[in-house]
Structure formats: structure tokens, C-alpha cells
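In what follows, a single structure is set out as C-alpha cells and then discussed.
The values are calculated or read from the model by the stated rules, or taken from the named source; none is laboratory data. None of these values were measured; they are calculated from a predicted model. A quick note on method: Cβ atoms are made from the backbone with ideal geometry, for glycine too, and the neighbour counts reach across all protein chains shown. Calculation scope for accessible area: heavy atoms of the full protein, side chains included, ligands and nucleic acids excluded. Shrake-Rupley method; radii C 1.70, N 1.55, O 1.52, S 1.80 Å.
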Amino acid sequence: MAIKKYYTIKVGRFDGQEVEIGHVDKLGIPKGPTAKAIAPPGNSVIPNYSRIWGKRELTKEGKPSGKFKPMVWGDDGGEVIEIRYLKKCKSLDKLYQDLNGIKPGEEDADIDLMHGLFDIDPEIEPMLVEMLKLHSYNEDSPCKDPSQVFSVYHEYDEKKEATLVIKKDKTLVNAMNQVFEAEENTEQLRVLAKVCGLDDRKQNNVLLTELLMLAKNQPEKFLENRAWYQQQVQNVLLRAVDFGLLDLEAYGKINLLTSSGGTVVPNIPQNIKPEKKLEYVIENAFDPAIFDGIERIKEAINEKELALA
């Protein structure tokens with residue numbers, strides 16, 4: 001016996017969200033005992049209308065037949081086609097519906113999708129399946145306007161989902177490891193806190209907790225903050241080189257070529273050649289000594305720009 005095949009999409013959040021339940025006062029502050037619970041995932045309502053790109057099939061009289069071929073947006077021979085799902089019509093083409101007097105009923109205003117995995121039987125609801133495949137709110141729609149970046153759902157594929165889970169797990173592990181590496185170094189912990197927009201004046205145990213929570217709950221954002229800062233460090237170094245402010249030839253360090261002078265990046269390994277020193281600094285941008293050195297270089301750049309103004 002053949003296994004029944006459904007059209008499956010994944011809508012919004014799959015899991016419910018953890019919430020705190022209990023009584024609250026007029027200000028919304030919990031009053032008395034509270035408890036953790038999981039709120040239902042909810043649903044999304046999408047408009048029963050979309051604009052796609054495709055080519056209509058015409059009758060001998062040159063009128064829309066109700067059939068069309070979906071195409072990649074902008075491909076030659078295509079045009080904008082407005083689509084709408086009506087339970088009593090075997091075509092999604094809104095123009096065809098209008099020309100033939102097929103009007104929507106009250107039940108056709110919107111399409112309600114429950115969050116999570118949503119199965120539809122293509123044998124029972126073939127036109128609804130087709131509508132959801134083509135709708136611009138479908139992340140995987142092959143014919144939607146590319147300027148439509150907002151999506152509500154995507155087509156579920158087990159292999160694709162497994163790949164995403166693995167990628168997410170790797171991102172989480174990477175983010176958490178970055179915090180653990182800084183755990184034993186008070187100054188490095190504070191550097192990481194500054195880069196992530198946290199108040200580095202707090203006690204170490206508080207900073208560690210906040211960083212771990214950020215890395216756990218928003219690993220992508222955490223790693224983006226780190227990458228953003230490293231990009232800023234690179235920009236500062238290149239600007240300083242353009243102004244001739246750095247002595248890269250100094251043995252095991254980088255000196256500042258200003259009236260105040262001095263070393264801005266100490267303790268560079270002896271095997272690092274002058275042309276590789278900037279890469280070393282960027283890679284180790286969260287080292288407290290390098291962090292302080294970058295701040296000094298920024299000050300030197302500001303002074304140079306003021307002098308040239």
C-alpha cells in the first residue's frame with residue numbers, strides 16, 4: 001500500500017513559548033507565587049491574494065483559460081498574475097475569476113495557518129496546495145516578487161530541516177565556547193561585555209551570566225557582535241596605516257608613530273612577520289591589551305583628522 005503524501009509547510013514558531021503565569025498588580029508586576037508554563041504556538045493569517053510571475057494560457061478567443069505557467073520573476077514571456085484561492089473555483093487566476101463572475105465568499109477573505117508543521121492533502125485541497133506553493137509569503141515560492149522579503153512559512157523538507165538544526169547547534173556551541181574562553185580572564189570578560197553592548201561595570205559573575213544567556217538565547221546575534229567588532233578593528237588599523245601612524249617593523253610589537261609614541265600592541269609572537277601583524281591583531285581583537293591598544297590608535301586617528309581639518 002502506497003504511503004499517502006501530504007504537502008507540508010512549517011509556519012512561524014514550531015514550539016510554544018515559555019511564559020510565567022500568576023496574578024499581577026495594576027502595573028503588571030507579579031503578585032504572589034508564579035509558575036512556568038508553555039504557551040500554545042498560535043497561528044498566522046495571510047491574505048488570500050498574491051502577485052506572481054507567469055504566463056497565461058489563452059482560449060481560441062484570446063481570453064484567459066484559467067491555466068497559467070509559473071515562472072521566475074522577470075523571465076521573458078511572463079507577466080504579473082494576481083492569484084486568489086476560492087473553494088468553488090478550479091483556477092487561482094483572479095482575472096479569470098472576475099471575467100467569469102466567480103466572486104469570493106466570506107470564508108475566502110484570508111487563509112488561516114496554524115503555527116508548526118501544517119499538512120494538507122493535495123487530493124482533497126489541490127487548489128489550496130497550489131496557492132500556498134506560489135504565495136509570496138512562502139519563503140520557497142519560485143515565482144514571487146524578489147522585493148517581497150517577508151515570509152510566514154516555508155516548505156518542509158526533512159533533510160533541509162536536519163541541516164538547519166545541525167548548523168544552529170554548531171552556532172550555539174561556538175557562541176558558548178567564546179564565553180567560556182573568557183571566563184577565567186576578568187579583563188577579557190569585560191571586553192566581550194563591551195562589544196556585546198552590556199554594562200562592563202557589573203560584577204564578574206553577573207557579566208558571565210548575562211553573556212552566557214546572550215550566547216545561549218541569541219547565538220547568531222552574539223557572533224554577529226563579535227564579527228562586527230573585528231571589522232571595526234580592521235577599519236581602524238587600515239585608517240592608521242593610511243595616516244602613517246603605525247610602526248609595524250618593531251620587533252614583537254606595534255608602536256605608535258606620534259609625538260607621544262609608545263607601544264600600542266605588545267607581546268606579538270616573534271614568528272609573526274610585519275606584513276602579518278594586522279591580521280594577528282584582528283584575530284586577537286578581544287585580548288584586553290589589544291583592545292586598549294585599539295582605543296589608543298583611535299585617539300591618534302582623531303588627532304590626525306583634526307590636524308588635517
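Only sites in a loop by DSSP and with at most 11 other Cβ atoms within 10 Å count here; which GluC sites (Glu not before Pro) in the stretch 143-189 make the cut?
Working: sites: 155, 158, 161, 181, 183, 184, 187; in loops: 183, 184.
In loop regions of the stretch 143-189 (DSSP not H, G, I, E or B), the sparsely surrounded GluC sites (Glu not before Pro) are 184.
Using only helices, what value at 222 nm comes out for the chain when you add -39,500 (n - 2.57) per DSSP H run of length 4 or more and divide by the total residues, to the nearest 500 deg cm²/dmol? Mind showing how you got there, number by number?
Values: 8 runs with 116 residues, N = 309.
Computed mean residue ellipticity for the chain: -12000 deg cm²/dmol.
Rounded, prolate or oblate: which one fits the stretch 223-309, using the alpha carbon gyration tensor with axes a ≥ b ≥ c (rounded when a/c is under 1.5, else prolate when a/b beats b/c, else oblate)? It would help to have the intermediate numbers written out before the result.
Working: a/c = 1.82, a/b = 1.14, b/c = 1.60.
It is oblate, given that a/c is not under 1.5 and a/b is not larger than b/c.
Identify all aspartates and glutamates with a Cα-Cα distance to residue 69 below 15 Å; exclude those on the same chain that are fewer than 8 residues away in sequence.
The reachable aspartates and glutamates, counting only those whose Cα sits under 15 Å from residue 69, are 57, 79, 82, 93, 130.
At a Förster distance of 22 Å, what's the computed FRET efficiency of residue 295 paired with residue 149, Cβ-Cβ distance as r, to 0.05? Walk me through the intermediate numbers first.
Details: r = 38 Å, r/R0 = 1.71.
About 0.05, to the nearest 0.05.
Where in the chain are the helices, taken as whole DSSP H runs, whose Cα atoms extend 27 angstrom or more along the long axis and whose Kyte-Doolittle mean reaches at least -1.0?
158-182, 219-242, 288-308
Normalise the Debye intensity by I(0) for the stretch 48-117, one equal point scatterer per Cα, no solvent, then take log10 at q = 0.18 Å⁻¹ and round to two decimals.
Evaluating at q = 0.18 Å⁻¹ gives log10 I(q)/I(0) of -0.74.
What accessible area per residue, rounded to a whole number of Å², is obtained for the chain using a probe radius of 1.4 Å? Let's see the in-between values first.
Details: 19630 Å² over 309 residues.
The answer is 64 Å² per residue.
Set the Förster distance to 30 Å, then compute FRET efficiency between residue 283 and residue 158 from the Cβ-Cβ distance, nearest 0.05. All intermediate terms of the calculation are to be shown ahead of the outcome.
Working: r = 38 Å, r/R0 = 1.26.
Efficiency, rounded to the nearest 0.05: 0.20.
Distance in nm between label sites at residue 88 and residue 306, each 7 Å beyond Cα in the beta-carbon direction?
Going from the residue 88 label point to the residue 306 one covers 7.8 nm.
Based on alpha-carbon atoms only, what is the radius of gyration of the chain relative to the globular estimate 2.2 N^0.38 Å? Could you put the intermediate results ahead of the total?
Working: Rg = 29.3 Å, N = 309, 2.2 N^0.38 = 19.4 Å.
Taking the Cα Rg and dividing by 2.2 N^0.38 Å, one obtains 1.51.
Scan the chain and report its longest stretch carrying no trypsin sites (Lys or Arg not before Pro) that are both in a DSSP loop and have at most 14 other Cβ atoms within 10 Å.
With a cap of 14 other Cβ atoms within 10 Å, the longest stretch comes to 91-200.
Round to a whole angstrom and tell me the spacing of the C-alpha centers of the stretch 184-217 and the stretch 108-168.
39 Å
How many angstrom lie between the Cα centre of the stretch 46-82 and the Cα centre of the stretch 242-262?
About 65 Å separates the Cα centre of the stretch 46-82 from the one of the stretch 242-262.
Quote the charge dipole size of the stretch 167-309 about the Cα centre in Debye, to the nearest 20; the model charges only the Cβ of Lys and Arg (+1) and of Asp and Glu (-1). The partial results should precede the final answer.
Values: 18 positive and 22 negative charges, 63 e Å.
Its charge dipole is roughly 300 debye.
Between rounded, prolate and oblate, where does the stretch 150-250 land on the alpha carbon gyration tensor, with a ≥ b ≥ c its root eigenvalues, rounded for a/c under 1.5, else prolate if a/b exceeds b/c? Could the numbers behind the result be given before it?
On the way: a/c = 2.62, a/b = 1.48, b/c = 1.77.
Oblate, since a/c reaches 1.5 and b/c is not below a/b.
Which FRET efficiency value, to the nearest 0.05, is calculated for residue 221 and residue 100 with the Förster distance at 51 angstrom and r the Cβ-Cβ distance? Don't skip to the end; give the middle numbers.
Details: r = 51 Å, r/R0 = 1.00.
Here the calculated transfer efficiency is 0.50.
Longest segment of the chain with no chymotrypsin sites (Phe, Trp or Tyr not before Pro) in a DSSP loop having at most 12 other Cβ atoms within 10 Å?
On the way: sites that count: 14, 150, 251.
Longest gap between qualifying sites, sites excluded: 15-149.
Quick check: at a probe of 1.4 Å, how many percent of the accessible area of the chain sits on carbon and sulfur atoms? Don't skip to the end; give the middle numbers.
Working: 10220 of 19630 Å².
Its accessible area is 52 percent carbon and sulfur atoms.
Which GluC sites (Glu not before Pro) does the stretch 36-110 hold that lie in a coil by DSSP with at most 14 other beta carbons within 10 Å?
Working: sites: 57, 61, 79, 82, 106, 107; in loops: 61.
The qualifying sites are 61.
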